[in-house]
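Worksheet: one structure, shown below.
Laboratory data are not the source of any read-out in this text; all were calculated from the coordinates shown. Keep in mind the model is a prediction, meaning the values are calculated, not measured. Cβ atoms come from the backbone with ideal geometry, glycine included; neighbour counts cover every protein chain shown.
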Amino acid sequence: MTDAASLSPSVHTTDEAAVRLKKRRSAETRLKAYGMIAIGLAALALVALLWNIVARTMNAATEHYIAIEAQIEEGEDDFLKVVKKSARAGFPYVSGRSGKRELYGLFSDGAADDMRRARDAGTLETGDAVPMRFLMSDTADLYMRGEFGSLENQESAGTLAIEEGGKAFTLRTDTGAFTDALGRAKAGLAVEADSLRRQAARQSAGITAQEARIDSVTGLEREDMLVQIEGFKAARDRLDGQASALDALVTGDGDTLLELSDRMASFFVEANGGILKLTEVSADIARAVPLVPMNDTDAAANGAWSLRILDRPEIGRPVKDRQVAILETLQRDGRIEEVANWKFFSLSDSTQPEIAGIKGALIGSMWTMLVTFCLAFPIGVMAAIYLEEFAPRNRFTDFIEVNINNLAAVPSIVFGLLGLAVFLNFFGTPRSSPLAGGLVLALMTLPTVIIAARAAIRAVPPSIRWAAMGIGASKTQTVFHHVLPLAMPGILTGTIIGMAQALGETAPLLMIGMVAFITAVPEGITDSATVLPVQVFNWANASERAFDMRTAAAIAVLLAFLVVMNAIAIILRKRFERRW
Amino acid sequence: MKSRNILAIAALTALAATTASARDEIRIVGSSTVFPFSTAVAEQFGKKTDFETPVVESTGSGGGLKLFCAGVGAEHPDIANASRRIKLKEFNLCQDNGVTDIIEVKIGFDGIVIGNAVDAPAFDLTREDVYKALAKEVSQYGRTGPNKFKTWDEVNPSLPAQPIEVLGPPPTSGTRDAFEELAIQEGAKEAGLDKKAIKKVVVRDDGAYIESGENDNLIVSKLEADPAKLGVFGFSFLDQNADRIKGSKVDGVEPTFDNIASGDYPVSRSLWFYVKKAHIGVIPGIEEYMAEFVDDDAIGEDGYAVEKGLIPLEDDERETFIAAIEEQASMTGDEDLH
């Protein structure tokens, strides 16, 4: 001892010791830094995920309505017809088959559903001019959110003279007000010409490449190659011709009228209360067709008209120019209302995004989770109690224990297959029902519950058991009066982990038919139903773009469901918790 | 007390399990391609009539027909959607399991598009190019070997010099089956392979064809992010995302609504549904559902299913199927099934 005591100062005060100490300390600092980086990255990922979901969910939080007057006759039954009739009456200037189709395309079938519901509730007014809100269609709604770009506003420069000529109008300025529009249209053409020329260049490259090879091949291959080269030459000449034709348009001077197509940006002139769409444009003169009629054809003074540009070509967006013009007019007149989308919680699945809701899936998830909990929790806890408190230690119980641990690692789809074979085919449980889903998910959750419950029961100090037995309690009384209540917090935590996992599963449900389109809200555990993650999956698969934000909203609801479930578990745990 | 309640609920659930009730809603299974059209019809049917809205499951054509042919009775589906005609094997399975009377209805077409990002170079492919770029083994002029093409300009010198990277659906998808059959195997035919060899042509698995899941939306967003890749997806996704992606020409024909409807665009397939005649009159509403599906409102020129991207039948062909539905004419087995 004395030796060691006398040695130690010299060992710990040498230079080597100082170096060692420094090394150890810096290793510790590094470890701490790694930990902080790891946590930082995880937090960042979480924030990014939540931000992404919340930002997209915000879009689904509101919906747009068009306020016009409805024409509803007493005893009317076909409300889709009412919507169309009211639309025609509200926009009498829209004519022609395609024009009317585009007009109807602004309104959702949901508007008819609203009327039907109002009629059923006895609150539907009838008459020739009932002021009413009509739900907007999904694409129009997306336009209002700027999904297809927004209208650029160019202030007027100079007076605009308007001449009527047949169906079209000729617009004249003397200040070159359309120069910018003309420039943009030409830039679009130049890009198209470039692309054509690049394609032509590729054909030329093909010709060169094949001509270099042609002497090395014989027979059929040579003949094919000659045909191919001819094909390349024809394609090159055709593409070059198209490109030159476009070039001629681009280099044309500012006074020639350039014809606009649906592959270029759309140009609108707003004047005298109407909206015109340009069909031909030069620096000073443009030809245009009316989309929303003007009040008169008087010349519009400087500042009284404007040129508005939508950069995205008409061909590349589902909202057409006429629809844009009508929506802009409605917006100007304050007839578009944006209101909170409570419908999302009161409607079930639909193929139309604007009237698709989460209710069916939410209730379906609740029923499924109820069945899962009612089976997995008691069975899991009983099994844990038996294995921990009563079962003898022998090979057989060891075997069971190994199997339970293995079951926890089995892929969930396997439980789906099991469910299909056992519950559906053998027991005849109804397909797509929360009962079948709950049974399968309970099987999946059981191992997690058993393992957690066993750990919790084992953690109860043996002194509690001895004390209970010491005052004469039977084994059963000891377990149920003393051990189980004390183990409950841990058991609940394990159960919630298992349930949370089950809540997010779709794979096992695929097999038993819960991945389906179901509009009815389930009223019991044997009705057909779907669940939240399936709803997310189905909407993510749909081609309509408006389902994008609803997918995010459904994920938000799923997360909220999870938080509520966890909160319940935490409250219960706090109530049961004992410290010793 | 508490645990006793839980036990009681558990017992009740067990009891409910034994009482499988007869259904009052139609059950439809099958193709994920027909799914959006079938659900749209189901929804309208539910709104227009007093019947329950049918339950539609997306199981894939093969999986759906297997369920459909499993037997007659409330536990089996009433209708199967398919993105191809029923196979002889499946028809025989149906017969063996007592599903003897089947009504066959063709509803329209679907185009399979090979596309890329809107700013990426335009592709003008032939089916032979597709075969050479994507088949596992390529035969040419009697020489057969594993596919060594790495870039598009090696396949055809007039194509852009970028690596062959095609995002597409996995083998479980009907779209993949149809793509293999209509684009790659047809291309093999053009390249001069004989019938037996054509059947053996499969998609290459060395990374040039990238399996990207059944979700076409995912393929669309990946294409938008990476202009160097091509993708394979259904026409309705091109229709909805025309501002982000564009379709390549195949054999000189652009994938547009009109070209697919007229049959000019070569990579298109027909869509069908099959009805179990034994269930008509037992499960309420089947006749009305069939009528709704072939109605003008659904698959007419301006029909709601057509707005979802279905390419409709010509009017006279539709008339024949409307007549078949009214007569409830079942398949005879003499159809030209494969």
Folded to 0 to 90 degrees: helix A:2-13 orientation relative to chain A principal axis, Cα
10 degrees
Whole-Hz ³J(HN,Hα) from phi, Karplus 6.51 cos²θ - 1.76 cosθ + 1.60, for segment A:295-300, glycine and proline x:
6, 8, 10, 5, 5, 8
Taking Cα atoms only, helix A:547-576 is inclined relative to the longest principal axis of chain A by an angle, in degrees rounded to 10, of 20 degrees
Which whole number gives the average, over all residues in B:295-304, of C-beta atoms from other chains lying within 10 Å of the residue C-beta?
1
Among A:110-116, A:351-357, A:563-569, B:31-37, what's the highest-first ranking by average C-beta atoms within 10 angstrom per residue?
B:31-37, A:351-357, A:110-116, A:563-569
What angle, in degrees between 0 and 90 and rounded to the nearest 10, separates the Cα long axis of helix B:216-225 from the longest principal axis of the Cα atoms of chain B?
30 degrees
Hey, with R₀ at 35 Å, roughly what FRET efficiency would residue A:570 and residue B:215 work out to, going by the Cβ-Cβ distance, to 0.05?
0.50
Phi-based couplings in Hz for segment A:303-319 (Karplus 6.51, -1.76, 1.60; Gly and Pro marked x)
x, 9, 9, 8, 9, 10, 10, 10, 5, 6, x, 4, 5, x, 9, x, 8
Tell me, what is the Rg over Rh of chain A, with Rh the Kirkwood radius over Cα pairs?
1.16
Between residue B:202 and residue B:87, what is 0.36 nm times their sequence separation minus the Cα-Cα distance? Round to one decimal in nm.
39.4 nm
Considering the Cα positions of segment B:273-338, please state its Rg to one decimal place and its Dmax as a whole number of Å.
13.1, 35
Distance between the C-alpha centers of segment A:241-268 and segment B:36-105? Whole Å please.
52 Å
For the pairs A:100/A:186; B:47/B:277; A:100/B:308; B:150/B:308, note any where the Cα-Cα span goes beyond 28 Å.
A:100/A:186; B:150/B:308
Run the numbers on chain A and let me know its relative contact order in percent, using alpha-carbon pairs under 8 Å that are six or more apart.
15 percent
Points 7 angstrom from Cα along the Cβ direction at residue A:164 and residue A:43: gap in nanometres?
6.9 nm
Explain nothing, just compute: Karplus ³J(HN,Hα) = 6.51 cos²θ - 1.76 cosθ + 1.60, θ = phi - 60°, for every residue of segment A:85-100 in order, whole Hz, x for Gly and Pro.
4, 5, 5, 4, 5, x, 10, x, 7, 7, 10, x, 5, 6, x, 5
Evaluate the relative contact order of segment B:76-160 (contact order divided by residue number), counting alpha-carbon pairs under 8 angstrom at least 6 apart; express in whole percent.
18 percent
With runs of 4+ DSSP H residues as the only contributors, calculate the mean residue ellipticity of chain A at 222 nm using -39,500 (n - 2.57) per run, divided by the residue total and rounded to the nearest 500.
-19000 deg cm²/dmol
Kirkwood Rh over alpha-carbon pairs of segment B:163-234, then Stokes-Einstein at 37 °C and 0.692 mPa s: what D in µm² s⁻¹, rounded to an integer?
254 µm²/s
Share, in percent, of DSSP beta bridges within chain B that are antiparallel, nearest 5
70 percent
Förster radius 51 Å - calculated FRET efficiency between residue A:247 and residue A:333 (Cβ-Cβ, nearest 0.05)
0.70
Choose one of A:445, A:227, A:89: the residue whose Cα lies farthest towards the positive end of the charge dipole of the protein assembly as shown (beta-carbon charges +1 Lys, Arg; -1 Asp, Glu; about the Cα centre).
A:445
Run the simple label-point estimate for residue B:291 and residue A:394 please: 7 Å along Cα→C-beta, distance reported in nm.
7.0 nm
As an exercise, use a Förster radius of 41 Å and the Cβ-Cβ distance of residue B:97 and residue B:317 to find the FRET efficiency, rounded to the nearest 0.05.
0.85
Defining a contact as two alpha carbons under 8 Å apart and six or more residues distant in sequence, what relative contact order in percent does chain B show?
25 percent
